[in-house]
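Following: one structure in structure tokens, then a few remarks.
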Amino acid sequence: MAIASRNVSGVFVDRLKERITMGDGSVQTREAIRESIDNGQTRILLDHADVNYIDSSGLGELVAAYTTARNRGAQLKLLNVDKKVHDLLQLTKALYSLRYL
């Protein structure tokens, strides 16, 4: 999995690509989010435009990242979530924790 990161007007944007699955995909997602929080970013946006699949491990990483961000005074939001991922978040009730744009 590849992650393209950039800062846009004070918002740290991580564009996630391909799949967020057990192993490298979820580890890279976790590290990118924690690194941005450690660097003082308080507004983080995860762009899912190029994510075509997420498994339970990836979902767990998103929820853990949201919790970490909230506990450290940062905001984490999701952008361009496709229908499959949206349905999975809704099915697991993670939708109530994560915010969408």
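Assorted remarks:
- The stretch 80-92 residues that are within 16 Å of Leu16 (Cβ to Cβ), paired with ones that are surrounded by fewer than 15 Cβ atoms within 10 Å (Cβ to Cβ) (beta carbon under 6 Å, 6 or more apart): Asn80/Ala49
- Candidate set: the stretch 19-36, residues that are basic (Lys, Arg) and at pLDDT 75 or above; chosen: the one farthest from Ala74 (Cα to Cα): Arg30
- Given (1) polar (S, T, N, Q); (2) under 17 Å from Asn7 (Cα atoms); (3) surrounded by 14 or more Cβ atoms within 10 Å (Cβ to Cβ); (4) modelled with pLDDT of 80 or more, index of the condition Asn39 fails: (3)
Condition check ((1) at pLDDT 85 or above; (2) surrounded by 12 or more Cβ atoms within 10 Å (Cβ to Cβ); (3) assigned to a loop (DSSP other than H, G, I, E, B)) across all residues:
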position	(1), (2), (3)
Val51	no, yes, no
Tyr66	no, yes, no
Arg70	yes, yes, no
Lys77	yes, yes, no
Val81	no, yes, yes
Val85	no, yes, no
Leu88	no, yes, no
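The values are calculated or read from the model by the stated rules, or taken from the named source; none is laboratory data. Computed from a prediction, not measured in an experiment: that's the story for all the values here. Because the Cβ atoms are built from the backbone with ideal geometry, glycine has one as well, and the counts that use them run over all protein chains shown.
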